[in-house]
1. B:PRO179 versus (1) part of a helix (DSSP H, G or I); (2) within 9 Å of chain A (Cβ to nearest Cβ): which is the lone unmet condition?
2. Is it true that some residue in the stretch A:121-133 is touching an Asp or Glu at 6+ places or on another chain (Cβ under 7 Å), farther than 29 Å from A:LYS41 by Cα and within 14 Å of chain B (Cβ to nearest Cβ)?
3. What are the residues in the stretch A:82-91 that are surrounded by fewer than 22 Cβ atoms within 10 Å (Cβ to Cβ) and not in a helix (DSSP H, G or I), if any?
4. Does A:LEU227 satisfy the criteria of being in contact with a Ser or Thr (Cβ under 6 Å, 6 or more places away or on another chain) and either in contact (Cβ under 8 Å) with a residue 40 or more places away in the chain or surrounded by 15 or more Cβ atoms within 10 Å (Cβ to Cβ) (or both)?
5. Looking at this structure, is A:LEU96 within 14 Å of chain B (Cβ to nearest Cβ), touching a Ser or Thr at 6+ places or on another chain (Cβ under 7 Å), at pLDDT 95 or above and not in a strand (DSSP E or B)?
6. Can you find a residue in the stretch B:38-47 that is part of a helix (DSSP H, G or I), more than 30 Å from B:GLY133 (Cβ to Cβ) and within 14 Å of chain A (Cβ to nearest Cβ)?
7. Kindly indicate the residue of the stretch B:151-173 that is surrounded by fewer than 16 Cβ atoms within 10 Å (Cβ to Cβ) and more than 9 Å from every other protein chain (Cβ to nearest Cβ) and also farthest from A:HIS86 (Cα to Cα) among those meeting that condition.
8. Can you spot a residue in the stretch B:23-32 that is touching a residue at least 12 places away in the same chain (Cβ under 8 Å), touching a Pro at 6+ places or on another chain (Cβ under 9 Å) and either of a type outside the set (Ser, Thr, Tyr) or not in a helix (DSSP H, G or I) (or both)?
Amino acid sequence: MPRIRPIRTEAIVLRQRPLGDADRICVLFSPTRGRVEAVAKGVRKPLSKMSGHVEPLSRGQFGLAQGRSLFVVTDAQTLDSWPSLHDDVQRMTEALAMAELVERSTDADISSGPLYQLLRHSLDALADTPSPPAIRWWFTLRFFDQQGYRPELEACVRCRADVGPGGNGYSAVDGGVVCPSCHGAGHGQRLSSPVFRLLRYMRRSSAESTAQVRVDAQASAELEQHLRLSLEQALDGRLRSSGFAEELARAESIGRNASRAAAEREREEQERAAV
Amino acid sequence: MQRSPATAPTIARLIEAFHRLPGIGPKSAQRLAYHVLRAPRSEAEALAEALLEVKDSTRLCAVCQNITDADPCAVCLDPQRSDSTICVVEEPLDVAAIERAGVHRGRYHVLHGAISPMDGVGPEDLKVRELLGRLGDASVEEVILAMNPNLEGEATAGYLSRVIGAMGVRITRIAHGLPVGADVEYADERTLRAAMTHRVEIDRQEATD
């Protein structure tokens, strides 16, 4: 069997999973090789010199040698660790959604330069932005464009009529905006004017400009729903990480409810004791 | 695992059983199986009894969710320990490690895992509800999050700090930094950043001693 030379590549670590007692399998995303699975040996030991350099949501330079079935990481050096993506759980959740999208839509040994640059730029922007969800929205639209799922925002996807901002619908199944008359005939879900304008603005603007737009909670929820349905069409299923994003959004109300329930229990106990 | 025709089926079954244990490769599984075969019958019986007993008599402590054979467990019943702090850990083995270090005299709570968004493991898969039930007690003043310093640990700590923060209980997280015996030269950026951010002043008296 011909011996494969060790390779060097820049990559973003998308995720890890444990292997045996001390190793991890790292899923790397390289601009030249697409998705690469590589074993990082000994990184679960406390004194491993490599463990901090193969953490998910970091960018690094990697040396890889071909093992029996997977690559083996021979050396790793961090180029970007994006600390705020790890310290702030909201940013982390958005970054994981982007990483999962990339992981599920790329294959091994397929050059993915544009998608790599998109992910890298989006993680850079996410690390600094005041509005983490806006970066994910922007990333998702660009992802659709690159992967051949570009939503139609200029003409009705059913009758090809030009569309303006009012009375439209959005059909994830048909892949874009539905004009008022087709929407009236039962096609697509309601697309409000602010969300329609935001979608068009995101398409022609940078991630940083998108993050500056003020979006109220109602428009945000509507946009999330349209993007989620479009992703489900593209991926043929839900993003696994979206479940945690929903849990995180409810976290504070869960805490307040638990606090109220505890206070109620205490009051009842005091009343029982008094009786 | 490939079964050799020269190996009796009963021994092959034992080898396969050992091989399913974490950290046991095919060679180690073979060595263990033949060791049991050569050992006196009493040793094999003691091993089998211990295996069955651990399955039959252990359960989760209703308070801290640690694995125990008496409910509540000895740590939860210990009157010498403080009720004001609860140290939250991912796994039962983490309790054993912190107890060996002897650095925590409060109570524990074991989550039995960590949130892993990309694997679809969320808070409802862990013992989070049981933790929130304990925090209603006014005696709890501080929750110490002792998650592993990796992505899953950070997601878990981030989620818990939001939930517990809304309950008005003080939350702290164990410090990150360089482990004893490590080289600064090989440390990654985030570890060094954490180590520098949480640096401590050296007590002058201690330094001159």
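1. Condition (1) is where B:PRO179 drops out.
2. yes
3. A:ASP88
4. Values: in contact with a Ser or Thr (Cβ under 6 Å, 6 or more places away or on another chain): yes; either in contact (Cβ under 8 Å) with a residue 40 or more places away in the chain or surrounded by 15 or more Cβ atoms within 10 Å (Cβ to Cβ) (or both): yes.
Yes; evaluated as a whole, the condition is true for this residue.
5. When the stated conditions are applied, A:LEU96 passes them.
6. no
7. B:ARG170
8. Step one: filter the stretch B:23-32 for residues touching a residue at least 12 places away in the same chain (Cβ under 8 Å), giving B:26, B:29-30, B:32.
Subset that is touching a Pro at 6+ places or on another chain (Cβ under 9 Å): none.
No: the stretch B:23-32 contains no residue that is touching a residue at least 12 places away in the same chain (Cβ under 8 Å), touching a Pro at 6+ places or on another chain (Cβ under 9 Å) and either of a type outside the set (Ser, Thr, Tyr) or not in a helix (DSSP H, G or I) (or both).
The values are calculated or read from the model by the stated rules, or taken from the named source; none is laboratory data. Everything numeric in this text was worked out from a predicted model, so none of it was measured. Here Cβ is always computed from backbone atoms with ideal geometry, including for glycine, and neighbour counts include all displayed protein chains.
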